[in-house]
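**Student:** What follows is a structure written as structure tokens; I'll ask about it next.
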Amino acid sequence: MDLPLIWSVLIATAVMLYVLLDGMDLGVGILTGLAKTDEERNLMTASIEPVWDGNETWLILGGGGLFAAFPLAYAILMPAFYLPVLMMLAALIFRGVAFEFRHKAVRKPTKLFWNGAFFGGSLVAALSQGLILGGFIQGVEVEGRSFAGGAFDWLSPFTILVAISVAIGYTLLGACWLVLKTEGEVQERARKRALLALVGVAICFAAVSLATLSIDPRVTERWGFTMTSVNPAKLLPLSPIPLIGMALVVLTARDLMMKVGAPEWRPYVFSAGIFLTGYLGLAVSLFPVLVPFDIDIWEAAARDNALMLMLVGAVIMLPVILIYTGYVYSLFWGKVDPDEAYHD
């Protein structure tokens, strides 16, 4: 068995599940900053209360899997992204505290503070993840088997573009989740915000895709582009990825504008599909490189005996986590009622 390949797929799957699930509740957190009333804000947070902390399990699996299965990559990438990783973790912690404390606050100034902290923590976490992703795509400076770059290499116009794109994308996921989970005026406002976010996602999708092609000649070559020509033999087999992404943008917009007739779960599924096509495009651009653009998954992997031992545990635990996650989402399926939030 090609154990490094298996582990790269497992980690990539965990990261994708984190993006789709925790990205959704981070998006809801960002949208709470636009809530018209406390009742609307409570309805938003009630929609994610049963699932938000469980969603972060996938972040732990992704980070822990990278540390255990690809220790060389972890040792290089962590120093490269210390600051945005610390910002992300601090924001997630502060956001978690605010999530709990905002329900207990009685005085208006205190309630405003914790509501702002929940919104701010959600936004900073999303932006930090975008900075990490952008820094990863643009590559890190490696000398030998160590990080040789500077403390702020992750901060560039490209990474800022990716960070804004991730935050807007999470907002789209959160708004589509609210379309599914709420009714009435709150749902109607969620539809309008989802449409605005979708426009932003479409623009960012194109901008980041074009910018990524300019990052490294090896990326453009993978897609069949050069400065002077296009190779149809390489481009055509990969063209369904962006074409499906564009089609999903159109389908999401159609469903969001249809107030009657379109299943309310479909905008979230379609928006998740948009993220998935972007993720596949990134994989096509970089695979099998794990530390762009110097170290691949086989160079970075731990020894086979360690990978096999961990794989036994993963085969046992991953189905358990998936079944539990599916059970929780099915248990709390349906429209949310703020009077039935589990804090009350």
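The values are calculated or read from the model by the stated rules, or taken from the named source; none is laboratory data. Just so it is clear, the structure is predicted and the values come from calculations on it, not from any experiment. Heads up, the Cβs are rebuilt from the backbone with ideal geometry, glycines too, and the neighbour counts pull from every protein chain shown. Each accessible area value is taken on the protein alone, full model and side chains, heavy atoms only, with ligands, DNA and RNA left out. Shrake-Rupley method; radii C 1.70, N 1.55, O 1.52, S 1.80 Å.
**Student:** Taking interchain pairs and intrachain pairs at least six residues apart, which have beta carbon atoms under 9 angstrom, with the first residue in segment 1-19 and of a type in the set (D, E, K, R) and the second assigned to a helix (DSSP H, G or I) and open to solvent by 50 Å² or more (accessible area, probe 1.4 Å)?
**Tutor:** 2/298
**Student:** Answer yes or no as to whether residue 272 is more than 30 Å from residue 143 (Cα to Cα), open to solvent by less than 80 Å² (accessible area, probe 1.4 Å) and not hydroxyl-bearing (Ser, Thr, Tyr).
**Tutor:** Values: more than 30 Å from residue 143 (Cα to Cα): yes; open to solvent by less than 80 Å² (accessible area, probe 1.4 Å): yes; not hydroxyl-bearing (Ser, Thr, Tyr): yes.
Considered against the rule, which asks whether it is more than 30 Å from residue 143 (Cα to Cα), open to solvent by less than 80 Å² (accessible area, probe 1.4 Å) and not hydroxyl-bearing (Ser, Thr, Tyr), residue 272 comes out as yes.
**Student:** Which of (1) small (Gly, Ala, Ser); (2) at pLDDT 90 or above; (3) more than 27 Å from residue 291 (Cα to Cα) does residue 150 not meet, given it meets every other one?
**Tutor:** (3)
**Student:** Evaluate the following for residue 15: is it in contact with a Gly (Cβ under 6 Å, 6 or more places away or on another chain) and surrounded by fewer than 21 Cβ atoms within 10 Å (Cβ to Cβ)?
**Tutor:** The answer is yes for residue 15.
**Student:** Here is a further query. I'm trying to understand the selection: among the residues of segment 137-154, which are out of contact with any helix residue (DSSP H, G or I) (no Cβ under 7 Å at 6 or more places or on another chain) and not in a strand (DSSP E or B)?
**Tutor:** 139, 141, 144, 148, 150, 152
**Student:** Same structure again: Give the residue that is surrounded by the fewest Cβ atoms within 10 Å (Cβ to Cβ), with candidates limited to residues of segment 93-146 that are among the aromatic types (Phe, Trp, Tyr) and touching a residue at least 24 places away in the same chain (Cβ under 8 Å).
**Tutor:** 94
**Student:** To continue, here is another question. Every residue in segment 286-337 that is in contact with a Ser or Thr (Cβ under 6 Å, 6 or more places away or on another chain) and either among the aromatic types (Phe, Trp, Tyr) or modelled with pLDDT of 90 or more (or both), please.
**Tutor:** If the condition is that a residue be in contact with a Ser or Thr (Cβ under 6 Å, 6 or more places away or on another chain) and either among the aromatic types (Phe, Trp, Tyr) or modelled with pLDDT of 90 or more (or both), then 297 is the only one that fits.
**Student:** I'd like the residue in segment 191-246 that is outside any helix (DSSP H, G or I) and in contact (Cβ under 8 Å) with a residue 12 or more places away in the chain and, out of all such residues, is most open to solvent (accessible area, probe 1.4 Å).
**Tutor:** Here is the first cut: in segment 191-246, the residues outside any helix (DSSP H, G or I) are 214-216, 223-231, 239.
Within this subset, residues satisfying the condition of being in contact (Cβ under 8 Å) with a residue 12 or more places away in the chain are 215-216, 223-225.
Numbers: 215: 50, 216: 23, 223: 28, 224: 5, 225: 67 Å².
Per the stated criteria, the residue is 225.
**Student:** Please specify each residue of segment 252-269 satisfying the condition of being open to solvent by less than 60 Å² (accessible area, probe 1.4 Å), aliphatic (A, V, I, L, M) and at pLDDT 90 or above.
**Tutor:** The answer is 253, 256.
**Student:** Okay, moving on. Restricting attention to segment 260-288, report how many residues are farther than 15 Å from residue 223 by Cβ and aliphatic (A, V, I, L, M).
**Tutor:** Of the residues in that region, 6 qualify.
**Student:** Taking segment 275-304, which residues are among the aromatic types (Phe, Trp, Tyr) and either surrounded by 16 or more Cβ atoms within 10 Å (Cβ to Cβ) or out of contact with any Pro (no Cβ under 6 Å at 6 or more places or on another chain) (or both)?
**Tutor:** Going residue by residue through segment 275-304, those that are among the aromatic types (Phe, Trp, Tyr) are 275, 279, 287, 293, 298.
Matches in segment 275-304: 275, 279, 287, 293.
**Student:** If you don't mind, there's one more thing I want to ask. Which residue is farthest from residue 144 (Cα to Cα), if the candidates are limited to segment 79-92 and must be touching a residue at least 60 places away in the same chain (Cβ under 8 Å) and open to solvent by less than 60 Å² (accessible area, probe 1.4 Å)?
**Tutor:** 84
**Student:** Does segment 165-184 contain at least one residue that is surrounded by fewer than 18 Cβ atoms within 10 Å (Cβ to Cβ) and closer than 30 Å to residue 100 by Cα?
**Tutor:** Kept after step one, since they are surrounded by fewer than 18 Cβ atoms within 10 Å (Cβ to Cβ), are these residues of segment 165-184: 183-184.
Now restrict to residues that are closer than 30 Å to residue 100 by Cα: 183-184.
Looking through segment 165-184, at least one residue is surrounded by fewer than 18 Cβ atoms within 10 Å (Cβ to Cβ) and closer than 30 Å to residue 100 by Cα.
**Student:** Output yes when any residue across segment 57-72 is at pLDDT 90 or above, in contact with a Gly (Cβ under 6 Å, 6 or more places away or on another chain) and assigned to a helix (DSSP H, G or I), and no when none is.
**Tutor:** No, that holds for no residue.
**Student:** Within segment 233-271, take every residue that is in contact with a Pro (Cβ under 7 Å, 6 or more places away or on another chain) and of a type outside the set (Asp, Glu) and give me the one that is farthest from residue 207 (Cα to Cα).
**Tutor:** So, considering only residues that are in contact with a Pro (Cβ under 7 Å, 6 or more places away or on another chain) and of a type outside the set (Asp, Glu), the one farthest from residue 207 (Cα to Cα) is 256.
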